[in-house]
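Colleague: Dropping the structure in here first, questions after.
The values are calculated or read from the model by the stated rules, or taken from the named source; none is laboratory data. Values in this document were obtained by computation on a predicted structure and should not be read as measured data. So basically every Cβ, Gly included, is an ideal-geometry build from the backbone, and we count neighbours across all protein chains shown. To get the accessible areas, we keep the full protein, side chains included, count just its heavy atoms, and leave off ligands, DNA and RNA. Shrake-Rupley method; radii C 1.70, N 1.55, O 1.52, S 1.80 Å.
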Amino acid sequence: MTTISPNLKMKLRDLLEQIYPALDQDHLAHEVIAAFWPEDMHPRKRSRVPGNKLWSSKDVMVITYGNSFVDGTHKPLDLLNDFLKRYLKSYVNSVHILPFFPFTSDDGFAVTDYRAVNSHLGDWADVERIASEFKLMSDLVLNHVSSQGKWFNGYLQGHEPYDKFFFEASPNDDLSEVVRPRTSPLLREVETANGTRHVWCTFSHDQVDVDFSNPEVLLEFIRIMRLHINHGVRIIRLDAVAFIWKELGTNCIHLPETHAIVQLMRVLCDFAVEPIILLTETNVPNVENLSYFGNRNEAHAIYNFSLPPLLLHALMSGTAEHLHRWQATMPPAQLGCAYLNFTASHDGIGMRPAEGILPPEEKEQVIEKVRDFGGRVSMRALPDGGEAPYELNITWFDAMKGTFEGEDEFQVDRFLCSQTIAMALEGIPAIYVHSLLGTPNDQQGVEKTGVNRAINRHRWDYAALREQLDDPSSVHAQVLRQMKRRIDVRCAQEAFHPNGTQFTLHLDPRIFGIWRQSLNRDQSIFALHNVSKDELSIKPMSINLIGGEDWIDLLSGEPIHANGTDIPMRPYQCRWITNRR
């Protein structure tokens with residue numbers, strides 16, 4: 001039998017004491033180890049030391065559904081595999097396949113079976129095929145499960161262990177402080193073998209929240225983590241993790257037990273033989289989001305949730321003032337941690353992460369313009385009974401149609417500027433497949449489903465898409481070509497290592513500028529981005545170009561002279577000026 005590290009046992013016991021103080025921590029630690037390392041599997045002798053070797057400048061992720069491409073004949077996962085290898089193989093090395101399990105609603109986030117692949121997409125062999133060539137991220141949807149799945153049906157019938165798997169409350173409880181991401185009623189009344197119960201539903205009545213105060217729930221999700229790792233998953237995304245621990249009389253978000261559970265999962269990942277990255281998904285205000293790094297002991301990576309709404313505002317307003325102020329105050333990721341930078345995802349553009357950063361009147365301008373460009377607005381319930389915008393539903397490409405002044409001819413240039421900024425920032429870039437393809441709003445999807453988020457979840461007919469991509473004059477081909485070119489340039493630069501030094505430059509407010517430097521300090525890149533439709537110029541001395549060095553703009557190929565003339569910037573032009581290529 002494999003000897004288990006005393007350090008692993010101690011860490012697990014300490015965390016389990018925080019989560020389940022009334023239970024036997026030694027017994028629980030043994031069960032946790034058995035759940036994550038079953039049968040002949042074993043942990044590392046020592047935990048991985050936090051460092052920056054889990055990622056590099058070559059890491060770029062694409063976010064996609066398993067059925068983003070369909071043709072009515074082939075399995076969607078086969079089509080996805082073909083798309084990845086045909087168009088992205090030498091550019092993107094990581095892929096996030098959004099929930100690929102059987103489900104009943106929310107495009108996969110109401111899971112009925114975590115151990116199976118949705119048969120409409122393919123099977124585990126198809127997932128493993130993609131995982132063999134790309135670093136694969138899967139979703140651990142751990143806050144809730146489908147109301148029509150095995151777990152909840154077992155709960156309704158009073159069958160063990162599921163009779164204690166779900167969080168219950170009473171309509172008479174004081175729930176006024178509970179933070180909500182939706183407007184639907186929080187509690188759902190159900191009839192069970194044990195009588196009438198009211199189950200907790202943070203997101204929808206088809207997504208019933210599990211009860212992590214029952215350690216069997218935690219153990220089952222740890223077993224699911226292991227199953228996914230065994231099928232090739234190397235990045236585990238903790239979906240909606242901020243809500244997993246409930247305690248009546250509190251706001252039921254970010255509670256200490258939630259952080260302790262994330263820390264416990266981090267310990268398991270750090271002792272895993274496989275190089276596993278833990279990523280938290282917490283669409284909340286910036287300071288709250290940053291808390292999931294912990295003290296280098298929680299998530300390896302967190303979504304940079306404030307970036308999308310602030311970047312959207314910058315490009316609509318023509319000034320990077322708020323984006324710049326926020327970025328200048330952002331801490332560098334701690335050793336062993338990284339930001340995941342994105343502009344668009346399968347969800348909308350979250351507005352909560354802009355709280356305290358964007359003034360209310362400027363938020364309203366953004367919302368109004370999103371509606372003008374064909375988008376929708378989804379709301380959330382407030383404790384006082386009111387509502388507030390939760391997210392903007394629009395494709396990122398159509399959000400770039402214009403500015404506060406209206407639509408104009410700069411959509412593609414503005415869009416590429418936004419993506420170039422996200423690629424330049426400290427962290428790992430993650431690009432939604434519909435951003436790679438310049439996909440417009442899917443209004444038919446919204447009308448068909450009645451769901452606002454369907455606007456940004458288009459299913460491409462694969463043959464029609466390939467025809468578009470074969471036509472170099474099509475918008476989709478142009479966008480993909482330009483995106484791949486920027487990705488190719490980015491991945492070759494050591495200064496764009498996810499943990500490379502970053503300093504925010506103080507320039508004309510219409511220019512968002514950052515200085516990046518490689519870990520070994522050999523390469524510097526001055527990344528300059530004109531977020532306006534104005535013709536601008538920058539004095540070389542204003543960005544401290546070192547004399548005696550040969551500087552070049554990586555994006556245009558132009559030489560830049562430290563003591564030369566002003567550097568011109570066309571509308572939405574981006575320059576990555578470096579001393580080494």
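Colleague: Taking +1 at the Cβ of each Lys and Arg and -1 at the Cβ of each Asp and Glu, which of GLY356, TRP326, HIS120 sits farthest along the dipole of the chain towards its positive end, judged by Cα position relative to the Cα centre?
Modeller: Of the candidates, TRP326 comes out farthest on the positive side.
Colleague: First compute the accessible area of the chain with a 1.4 Å probe, then give the percent of it belonging to carbon and sulfur atoms. Intermediate results must be reported in sequence, preceding the final value.
Modeller: Numbers: 10880 of 22420 Å².
Carbon plus sulfur share of accessible area: 49 percent.
Colleague: Can you work out the PRE-style zone for VAL273? Point 7 Å along Cα to Cβ, and I want the residues of segment 1-20 with backbone N under 19 Å.
Modeller: Under 19 Å, as judged by backbone N against the label point of VAL273, lie 1-6, 8-9 of segment 1-20.
Colleague: Hey, another quick one. Charges at C-beta only: +1 for Lys and Arg, -1 for Asp and Glu. How large is the resulting dipole of segment 20-136 about its Cα centre, in Debye rounded to 20?
Modeller: Details: 13 positive and 16 negative charges, 166 e Å.
For this selection, approximately 800 debye.
Colleague: Which length gain, in nm to one decimal place, applies between SER5 and HIS27 when the Cα-Cα distance is subtracted from 0.36 nm times their residue separation?
Modeller: On the way: separation 22, 0.36 × 22 = 7.92 nm, distance 1.57 nm.
Using 0.36 nm per residue and subtracting the Cα-Cα distance, I get 6.3 nm.
Colleague: Here's another thing I want to ask about it. Given charges of +1 on the Cβ of Lys and Arg and -1 on the Cβ of Asp and Glu, with all other atoms neutral, how large is the dipole of the chain about its Cα centre, in debye to the nearest 20? Show your work: numbers first, answer last.
Modeller: Details: 57 positive and 75 negative charges, 367 e Å.
Its charge dipole is roughly 1760 debye.
Colleague: May I ask you to give the solvent-accessible area per residue for the chain, in square angstrom, as obtained with a 1.4 angstrom probe?
Modeller: Values: 22420 Å² over 581 residues.
With the other protein chains kept in place, the chain gives 39 Å² per residue.
Colleague: Among PHE410, CYS201, SER537, flag the residue with its Cα farthest along the positive direction of the charge dipole of the chain, charges on Cβ as +1 for Lys/Arg and -1 for Asp/Glu.
Modeller: Comparing the listed Cα positions along the dipole, SER537 ranks first.
Colleague: Relative to the longest principal Cα axis of the chain, at what angle does helix 360-372 sit, 0 to 90 degrees, rounded to 10?
Modeller: Relative to the chain, helix 360-372 is tipped by roughly 90 degrees.
Colleague: At 7 Å along the Cα-to-beta-carbon direction for both LYS58 and ARG580, put a label point, then send me their distance in nm to one decimal.
Modeller: Roughly 1.8 nm, to one decimal.
Colleague: Any chance you could check the Cα centroid distance between segment 288-339 and segment 128-150 for me, in angstrom?
Modeller: 26 Å
Colleague: How large is the dipole of segment 423-521 about the Cα centre if only Lys and Arg carry +1 and Asp and Glu carry -1, each at its Cβ, rounded to the nearest 20 debye? Intermediate values should be presented prior to the final figure.
Modeller: Details: 13 positive and 10 negative charges, 46 e Å.
The calculation lands at about 220 debye.
Colleague: Over 32 Å between C-alpha atoms is what I'm after, so list which of LYS9/LYS58; LYS246/LYS401; LYS9/LYS53; LYS53/LYS539; LYS363/LYS533 land there. Could you put the intermediate results ahead of the total?
Modeller: Numbers: LYS9/LYS58 35 Å; LYS246/LYS401 42 Å; LYS9/LYS53 25 Å; LYS53/LYS539 37 Å; LYS363/LYS533 21 Å.
Violating the 32 Å limit, Cα to Cα: LYS9/LYS58; LYS246/LYS401; LYS53/LYS539.
Colleague: Next question. Report the gain in length on full extension from LYS484 to ASP71: 0.36 nm times residue separation, minus Cα-Cα distance, nm rounded to one decimal. Spell out each step's value before the answer.
Modeller: Working: separation 413, 0.36 × 413 = 148.68 nm, distance 2.47 nm.
Answer, rounded to one decimal: 146.2 nm.
Colleague: Among DSSP beta bridges whose residues both lie in the chain, state the antiparallel percentage, nearest 5. Please list the in-between numbers first.
Modeller: Values: 46 of 75 bridges.
Antiparallel bridges make up about 60 percent of those DSSP assigns within the chain.
Colleague: Still on this structure, please answer the following. If I take all pairs of Cα atoms in segment 199-307, what percentage of them are more than 21 Å from each other? The partial results should precede the final answer.
Modeller: Numbers: 2174 of 5886 pairs.
Every Cα pair in segment 199-307 considered, those over 21 Å come to 37 percent.
Colleague: Taking Cα atoms, how many degrees apart are the long axis of helix 6-19 and the longest axis of the chain, rounded to 10 and kept between 0 and 90?
Modeller: Helix 6-19 sits at roughly 80 degrees to that axis.
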